[in-house]
1. What per residue convex hull volume, in Å³, do the alpha-carbon atoms of the range 1-47 yield?
2. Quick one: check the C-alpha center-to-center distance for the range 36-77 versus the range 1-29, whole angstrom.
3. In the calculated pair distance distribution of the chain, what percentage of Cα-Cα distances lie above 19 Å?
4. Placing +1 on the Cβ of each Lys and Arg and -1 on the Cβ of each Asp and Glu in the chain, which of LEU67, THR39, ALA22 has its Cα farthest towards the positive end of the resulting dipole?
5. Under 25 Å between alpha carbons: how many lysine pairs meet that in the chain, if sequence neighbours fewer than 8 apart on the same chain are excluded?
6. To the nearest 500 deg cm²/dmol, what mean residue ellipticity at 222 nm is calculated for the chain from DSSP H runs of n ≥ 4 alone, each contributing -39,500 (n - 2.57), summed and divided by the residues?
Amino acid sequence: MEMDILWSGVLTAALGVVSWWARYQSEEIKRLQILLNKTREEMVKDYISKFDSYAASDKVMTRLDRLEGKLDRLIEKKIGHD
């Protein structure tokens with residue numbers, strides 16, 4: 001009879017430890033999900049989308065092309081006068 005009580009106590013303790021561990025893991029997963037969501041929100045504030053990046057790049061390239069054209073005309077004028 002005492003072995004039954006001892007065995008029951010051991011199983012109860014083991015079940016308690018496993019339950020505590022499962023609850024801790026569940027809370028940790030929830031915490032990590034919240035942190036991941038906050039990180040995603042912060043990244044949206046700090047970074048631009050591919051579309052915006054391409055649009056900005058196109059603007060820069062257009063202005064560089066115009067500048068290149070002006071430099072070419074300036075050099076042609078210099079060469080023509082010399």
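1. 29
2. Measuring centre to centre over Cα atoms gives 60 Å.
3. Counting pairs separated by more than 19 Å, the tail of P(r) holds 73 percent.
4. Projecting each Cα onto the dipole axis, the largest value belongs to LEU67.
5. 7
6. Theoretical 222 nm ellipticity from helices: -34500 deg cm²/dmol.
No value in this document is a laboratory result; all are computed from the given coordinates. Since the model is a prediction, treat every value here as computed from it, not as a measurement. Note that we place each Cβ from the backbone using ideal geometry, even for glycine, and neighbour counts take in every protein chain shown.
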